[in-house]
Amino acid sequence: MPPEDRVNSISGGTILKTVSLILTTYNSGKNLASTLESIEKQDYPDIEVNIKDGGSTDDTIKMIKEYKERSRYPVNWVSRSDEGIYDAMNQGYALSSGDIIVFFNDFFLCHDAVSKMAALIEGDTGCVGAHADLIYADGEKIVRYWKMGPQKSLYAGWMPGHPTLFLKREVYENYGLYKTEYRIAADYEFMIRFLKDGRNRLAYLPENIIRMYYGGTSTSGTGSYLASLKEGHQALKENGLRFAFVIDVLRTLRVLLQFVKRPS
């Protein structure tokens, strides 16, 4: 969308921030259609969609091409090999040009999810981004509620859900991208890296705005979680956080509580 057309009807005519959604795909036909549909239903007018495909052999490429033709948003995409999910995410970031960066491979639960998060960031000039609550689902079955709560100390085991992070581009410019030597917890390491700087504050939206597809790299079972915990411990030590074991325990307790059925 041309800059002169970026008029925010919600905030009284101020210039909109471009939100870059970054998707990574590899034989993702099973979930990609619903992900793209949830993007198209957003009421925020200035979204840029960036798709880094890893050389899919199913119908993913066909779906991406068709989506680019019909989408009301600009779509940038590339299909080539990569060295794993975090290398793909870094390549996806290189495609983007927006003011707010979101790594998104899931499903927006409401049509105004992007609008709410962008407005939250715009209304809080001291924050570097925003986060919200999310749910994990296996098909239609909800298996985990992740209620973040407002930002707390990393030493309390608190960490925002990476799928809900809307971050200003300056965060990546100042702190770098995802370290590809981590195979399962580079997103956790990245969040530690910028959040350990107490000046970096996140605004919080206490709503479920995203449904995450259960069974990804770090959610496919006990083994993957233990591997994630091991890499997470390494990330804490690499970033100079003391009492890493205590943080691990508190973090695990928070995760276990997320599997408790939420009252209706």
Test result for Ile85, among the aliphatic types (A, V, I, L, M) and either within 28 Å of Ser228 (Cβ to Cβ) or under 15 Å from the mean Cα position of the chain (by Cα) (or both): yes
Failed condition for Gly149, given (1) on the phi < 0 side of the Ramachandran plot; (2) touching a strand residue (DSSP E or B) at 6+ places or on another chain (Cβ under 8 Å): (1)
Among the candidates Leu241, Leu229, residue that is modelled with pLDDT of 80 or more and outside any helix (DSSP H, G or I): Leu241
Enumeration of residues in region 177-193 that are of a type in the set (A, V, I, L, M) and part of a helix (DSSP H, G or I): Ala186, Met191, Ile192
Only listed residue being among the hydroxyl-bearing types (Ser, Thr, Tyr), at pLDDT 95 or above and more than 21 Å from His162 (Cα to Cα), chosen from Ser56, Ser20, Ser34: Ser56
Sole exception among (1) modelled with pLDDT under 95; (2) farther than 14 Å from Gly161 by Cα; (3) within 17 Å of the chain's Cα centre (by Cα) for Phe194, by number: (1)
Close pairs from region 115-141: first small (Gly, Ala, Ser), partner in a helix (DSSP H, G or I), Cβ under 6 Å, at least 6 apart: Ala130/Met117; Ala130/Leu120; Ala130/Ile121; Ala132/Thr164
Test: residue in region 155-176 that is outside any loop (DSSP other than H, G, I, E, B), over 21 Å from Cys110 (Cβ atoms), among the hydroxyl-bearing types (Ser, Thr, Tyr) and under 14 Å from the mean Cα position of the chain (by Cα): yes
Test: Pro206 is exposed (fewer than 15 other Cβ atoms within 10 Å of the Cβ) and in contact with a strand residue (DSSP E or B) (Cβ under 8 Å, 6 or more places away or on another chain): yes
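The values are calculated or read from the model by the stated rules, or taken from the named source; none is laboratory data. Values in this document were obtained by computation on a predicted structure and should not be read as measured data. Glycine also receives a Cβ, built like all others from the backbone with ideal geometry; neighbour counts cover every protein chain displayed.
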